[in-house]
1. What's the ranking of 290-298, 136-144, 83-91 by average number of surrounding C-beta atoms within 10 Å, highest first?
2. Rounded to whole Å, give me the distance from the Cα center of segment 152-197 to that of segment 290-325.
3. Normalised by the residues of the chain, what does the relative contact order come to in percent, with Cα pairs under 8 Å and at least six apart?
4. So how tilted is helix 16-30 from the main axis of the chain? Cα-based, degrees 0 to 90, rounded to 10.
5. With everything on Cα atoms, drop me the angle between helix 88-100 and the longest principal axis of the chain, reported from 0 to 90° to the nearest 10.
6. On a 0 to 90 degree scale, rounded to 10, what angle separates helix 210-224 from the longest Cα axis of the chain?
7. Determine the relative contact order of segment 120-159: mean sequence separation of Cα pairs under 8 Å and six or more apart, normalised by residue count, in whole percent.
8. Would you mind ranking 199, 124 so that the residue whose beta carbon has the fewest other beta carbons within 10 Å leads the list?
């Protein structure tokens, strides 16, 4: 089967949806399918630096990526995604659809202009759509009158969590199947024998809560002597945040964006992942990524994370409370047997619920159903 995975964001700037789509493509290819990723790309150069202050990956995309244009930063749902809005992309998308002749198209965040909306308007192939975001999705107030009717083109709706389903169904009522985000599973990892470090992995956005962790850091560093590794966030933005908070960078390693292999290696040798998000999370892919690496978590007690964490794998803390965060991380670092046991439980949970092999089989079944004409088209 030839599958087109359509993502309205830029390959050049890492995010949870981009990671999901790349791993989805890899898992489907492993099952013998031909897969193309249709998304934006921002080549290196002065123009990209002007449009995008944060550091991205600006090499050549993999061979299975079909670039359709540059992106711009558009504030949405408490985040700063890099979305393709150029009208030129519409013509490129039309050409891609005509040339590739996909058996099925899988859209991520399907109501996002211009990429997904163009595909909904022009495609003749069956369409599967995955909804990732949670919250009010206030921008849909403008989107629905303009192009909400295109939702009727979707043959099967998927949500990555119950919270994402509730958010999407508020605007697009219908039947949804819950298929969680899959996770990259390293072959063998051990929760014991780790470096004395804790890690934050995520973009430097207010809702990710890095500022809470940095406010907690001086006391946490004093109590534990551990080093803090910050990855995924733009190094300049992190240093500006440290300056604004008047927090020293002592004990902090600012690593910037890491390729998949390096992030997996980092999560496989650190002791604790800290996820101090304030809200707006529908699932928490960084949590399952840590679980796959046998890494226990200290995470904010917020709705999106509650669907992923268990008492055996994570310590939940009150959001936006540096003192509570310090206490939880210090206690876990001080109790090595407990930390090791939680890491082993996290790995087992990831294998049971989030391994891409099982999720790819579920997606394959959905594709076969919609191609056969048995999809649940609704809107």
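Nothing in this text is a laboratory measurement; each read-out follows from the coordinates by a stated rule. Keep in mind that what you see is a predicted model, and the values were worked out from it rather than measured. Note: ideal-geometry Cβ built from the backbone for every residue, glycine included; neighbour counts use all protein chains shown.
1. Details: 290-298: 26.9, 136-144: 14.0, 83-91: 17.6.
Listed from highest to lowest mean packing, they are 290-298, 83-91, 136-144.
2. For segment 152-197 versus segment 290-325, the Cα centre distance is 17 Å.
3. Working: 781 pairs, mean separation 63.9, N = 379.
Over the chain, the number comes to 17 percent.
4. 70 degrees
5. Computed tilt is about 70 degrees.
6. The answer is roughly 30 degrees.
7. Working: 27 pairs, mean separation 28.3, N = 40.
It comes to 71 percent, rounded to a whole number.
8. Numbers: 199 26, 124 11.
Final ranking by Cβ density, sparse to dense: 124, 199.
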